[in-house]
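Taking it in order: structure first as structure tokens, then the write-up.
The values are calculated or read from the model by the stated rules, or taken from the named source; none is laboratory data. Computed from a prediction, not measured in an experiment: that's the story for all the values here. A quick note on method: Cβ atoms are made from the backbone with ideal geometry, for glycine too, and the neighbour counts reach across all protein chains shown. Side chains are part of the model used for accessible areas, which takes the heavy atoms of the whole protein and leaves out ligands, DNA and RNA. Shrake-Rupley method; radii C 1.70, N 1.55, O 1.52, S 1.80 Å.
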Amino acid sequence: MEHNELLIIAAVLATGSFCQWLAWRVKIPAILPLLAAGFLAGPVFDLLHPQKEMGVLYFPIISLSVAVILFEGALTLTWREVRSVASTVRNLLILGALVTWIGSAVAARYLLALPWDLSLLFGALIIVTGPTVIAPLLRNVRPTANISSILRWEGIIIDPIGASAAVLVFDFILARGSGFSSTLISMVRIVGIGAGLGLVGGYVLSYLVRRFLVPDYLRDVTVLVSVLGIFAISNTFAAESGLLAVTVMGIYMANTDLRQLREIWYFKERLSVLLISTLFILLAANVTMADLMLLDWRAFAVLVIVLFVIRPLGVQLSALGSNLTRNERLFLSWVAPRGIVAAAVSSLFVFDLLEFGYDEARLLSPLVFLIIVGTVLIQGSTAKPLARYLKVSEADPQGFLLMGATPFSMALAEALQDAGFLVRLIDSNQQNVIHARLQGLDIEHGNLLSTFVEETLDIDGIGRLLALTSNDEANALACQHFEDEFGSENVYQLQPSRPTGKQHTRNLVPLGRLLFADDATYGNLEQMVQRGATIKRTLLTSQFTFSDYRTRHPADQALVLMAIQGKQVIIPTADQPLQPQAGWELLSLTAANGRLIIPSDD
């Protein structure tokens with residue numbers, strides 16, 4: 001029976017989406033269900049044969065997808081951030097990368113008997129630790145700020161560095177058969193053309209975007225087409241120089257301070273989810289059972305060396321002279337999962353190497369997949385208990401993530417910040433973000449429900465979410481989105497607005513704990529602030545009890561928002577009002593004059 005190509009494409013896309021959802025639901029890296037789906041569809045049940053069914057388009061599609069992924073990774077690499085990262089991160093990017101490269105090459109050479117050139121290529125391929133794998137791991141483990149910062153920045157910056165190293169080794173392998181001088185000329189040609197076209201492409205594209213020569217609705221498409229065009233043109237002038245070109249292009253654009261760069265990042269988010277979902281399935285399905293049979297005990301010995309020798313050695317050398325504790329160094333030595341770039345680039349290179357007569361290269365794809373699955377599965381499943389054992393995970397973080405930069409939420413953020421608590425706001429409205437920054441608040445511009453924001457948002461020290469926007473649906477979805485992150489007891493939303501009329505039925509079922517009191521809706525709170533209500537702090541003592549407070553500030557003049565007990569914040573909800581005690585400090589929304597009138601939503 002002939003395969004229905006349309007059905008195959010739809011099935012791959014649907015399976016990729018399901019795997020992404022499953023990974024989100026059970027809080028595991030998406031790479032695991034995606035690879036599992038690919039292996040089941042390909043080598044196990046023999047249902048999907050991507051290279052055979054896609055024909056000559058298979059590797060061009062893989063190549064273009066890798067180009068887009070590398071460009072998007074390079075967009076995060078700014079010189080300012082490279083200069084500002086800790087010395088440990090810089091050492092990991094240089095010394096740690098060299099240790100991984102050389103150590104893995106030596107292991108592949110002497111355990112698997114690969115030629116030196118292929119061994120060096122394998123070492124370069126597994127340098128990268130992708131942020132798409134690191135981000136969900138950090139959110140699950142919640143390590144200390146030092147560990148989180150180091151792993152996050154290493155994962156972001158090492159992506160284009162490792163891929164570029166692999167490209168250069170690959171180009172050297174293809175060029176070396178023509179003699180040393182020809183090899184050197186070919187290498188210079190590849191680097192020159194790749195870097196040159198990358199710089200030209202980055203400059204032209206940045207100029208077009210900055211000068212508004214491309215309308216907003218065409219901007220994202222123009223960026224994508226430009227990346228694919230530079231990749232294809234560069235490969236036409238110098239084979240395999242395209243990956244270097246798009247990496248340089250992304251780095252250039254990341255350092256031009258484009259105001260529209262964030263919007264390009266959001267386009268990256270939507271595109272990368274689709275690319276990664278389909279790419280992992282296709283790559284895993286293209287591995288044959290014969291390829292998997294090439295893996296014996298020696299391949300698993302290489303995995304053990306990568307896990308227990310190479311990564312610890314690189315981290316310990318990189319951490320020399322740093323202020324990291326022994327336990328922090330031990331945890332960093334254990335965590336280095338590999339991701340999409342290693343899988344995609346290895347599959348791409350193996351095809352070309354086999355055409356050039358490197359039969360031993362057939363082992364590279366299953367070996368790289370083994371390293372990916374092994375590091376993600378073993379390190380991902382053990383990272384959280386190890387962090388707890390080493391006492392390097394955050395203990396009851398008391399910081400706040402506030403969704404929405406409204407007058408009320410900014411007033412609340414200022415009060416919490418003045419009380420010594422970490423507060424971070426996020427809002428998708430640029431004007432709100434500017435206003436909050438002028439008030440000295442820590443705020444990020446973006447949509448909290450966005451995967452890109454979720455991966456890049458710094459939540460170190462944050463343990464609660466307060467969804468305070470006017471959009472009841474967005475508030476509820478944010479609580480659902482982060483209940484696994486912070487725990488369902490630590491996600492709060494405002495009371496949903498009531499429908500018109502005299503009904504008391506909510507518009508939707510709230511998914512977070514309902515803040516403050518039954519009438520504390522967005523509209524009510526904002527009108528209170530507009531009428532002059534301010535947030536005040538009041539210390540309760542044995543002489544001035546909560547009863548005394550209520551005598552001076554009745555419920556119709558002061559709405560208690562929170563209570564501070566030592567280093568902890570207690571938040572009242574509609575079904576669990578506060579019972580304040582002596583020694584607690586109250587944060588209350590207090591009327592400027594007269595009564596604190598809560599207007600009706602009816």
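Just a few scattered comments:
- Pair list, Cβ < 9 Å and 6+ apart or interchain, from the range 227-249 residues that are at positive phi to residues that are open to solvent by 20 Å² or more (accessible area, probe 1.4 Å) and in a helix (DSSP H, G or I): 240/174; 240/352
- In the range 17-37, the residues that are without any contact (Cβ under 8 Å) to a residue 12 or more places away in the chain and farther than 14 Å from residue 369 by Cβ never reach a residue that is part of a loop (DSSP other than H, G, I, E, B) and open to solvent by 40 Å² or more (accessible area, probe 1.4 Å) with C-beta atoms less than 6 angstrom apart, at least six apart or across chains.
- When residues of the range 370-406 are limited to those that are of a type in the set (Ser, Thr, Tyr) and in contact with a Lys or Arg (Cβ under 7 Å, 6 or more places away or on another chain), the one modelled with the highest pLDDT: 375
- Scoring residue 260 on the criteria (1) more than 20 Å from residue 345 (Cβ to Cβ); (2) modelled with pLDDT under 80; (3) open to solvent by 30 Å² or more (accessible area, probe 1.4 Å) leaves a single failure, condition (3).
Quick grid of which residues meet (1) farther than 22 Å from residue 418 by Cα; (2) at pLDDT below 80; (3) assigned to a loop (DSSP other than H, G, I, E, B):
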{"site": "466", "(1), (2), (3)": "no, no, no"}
{"site": "474", "(1), (2), (3)": "yes, no, no"}
{"site": "501", "(1), (2), (3)": "yes, yes, yes"}
{"site": "509", "(1), (2), (3)": "yes, yes, yes"}
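- Residues satisfying the stated conditions in the range 477-497, i.e. out of contact with any Leu (no Cβ under 7 Å at 6 or more places or on another chain), closer than 15 Å to residue 515 by Cβ and touching a residue at least 60 places away in the same chain (Cβ under 8 Å): 497
- Near pairs, Cβ below 9 angstrom, 6+ apart or cross-chain, from the range 370-394 (among the basic types (Lys, Arg)) to any residue that is surrounded by fewer than 20 Cβ atoms within 10 Å (Cβ to Cβ) and modelled with pLDDT of 85 or more: 391/327
- Candidates 204, 221, 209: the one that is in contact (Cβ under 8 Å) with a residue 24 or more places away in the chain and either in a helix (DSSP H, G or I) or within 27 Å of the chain's Cα centre (by Cα) (or both) is 209.
- Within the range 338-352, residues that are within 9 Å of residue 125 (Cβ to Cβ) reach partners that are open to solvent by 10 Å² or more (accessible area, probe 1.4 Å) with beta carbons closer than 6 Å, at six or more positions or on different chains, in the pairs 341/159; 346/365.
- In the range 108-122, the qualifying residues are those that are farther than 13 Å from residue 349 by Cβ and open to solvent by less than 10 Å² (accessible area, probe 1.4 Å), and the one that is modelled with the lowest pLDDT is 114.
- In the range 296-350, of all residues being aromatic (Phe, Trp, Tyr) and over 21 Å from the mean Cα position of the chain (by Cα), the one that is surrounded by the most Cβ atoms within 10 Å (Cβ to Cβ) corresponds to 349.
- Matching entry among 272, 277 (being in a helix (DSSP H, G or I), within 21 Å of the chain's Cα centre (by Cα), among the small types (Gly, Ala, Ser) and at pLDDT below 80): 272
- Any hit, the range 393-403, residues being closer than 24 Å to residue 533 by Cα and open to solvent by 10 Å² or more (accessible area, probe 1.4 Å): yes
- Among (1) part of a strand (DSSP E or B); (2) free of Cβ contacts under 8 Å to residues at least 24 places away in the same chain; (3) of a type outside the set (D, E, K, R), the one test that residue 544 misses: (1)
- The range 123-137, residues that are modelled with pLDDT of 75 or more and either in contact with a Leu (Cβ under 6 Å, 6 or more places away or on another chain) or outside any helix (DSSP H, G or I) (or both): 126, 127, 128, 129, 134
- Sole residue being at pLDDT 80 or above, more than 30 Å from residue 115 (Cα to Cα), among the β-branched types (Val, Ile, Thr) and open to solvent by 30 Å² or more (accessible area, probe 1.4 Å), chosen from 223, 204: 204
- Residue that is modelled with the highest pLDDT [pool: residues in the range 65-107 that are open to solvent by less than 20 Å² (accessible area, probe 1.4 Å) and outside any helix (DSSP H, G or I)]: 75
- None of 31, 9, 62 is open to solvent by 20 Å² or more (accessible area, probe 1.4 Å), under 15 Å from residue 275 (Cβ atoms) and hydrophobic (A, V, I, L, M, F, W, C) except 9.
- Considering residues of the range 231-252 that are polar (S, T, N, Q) and in contact with a helix residue (DSSP H, G or I) (Cβ under 6 Å, 6 or more places away or on another chain) only, the residue nearest to residue 341 (Cα to Cα): 247
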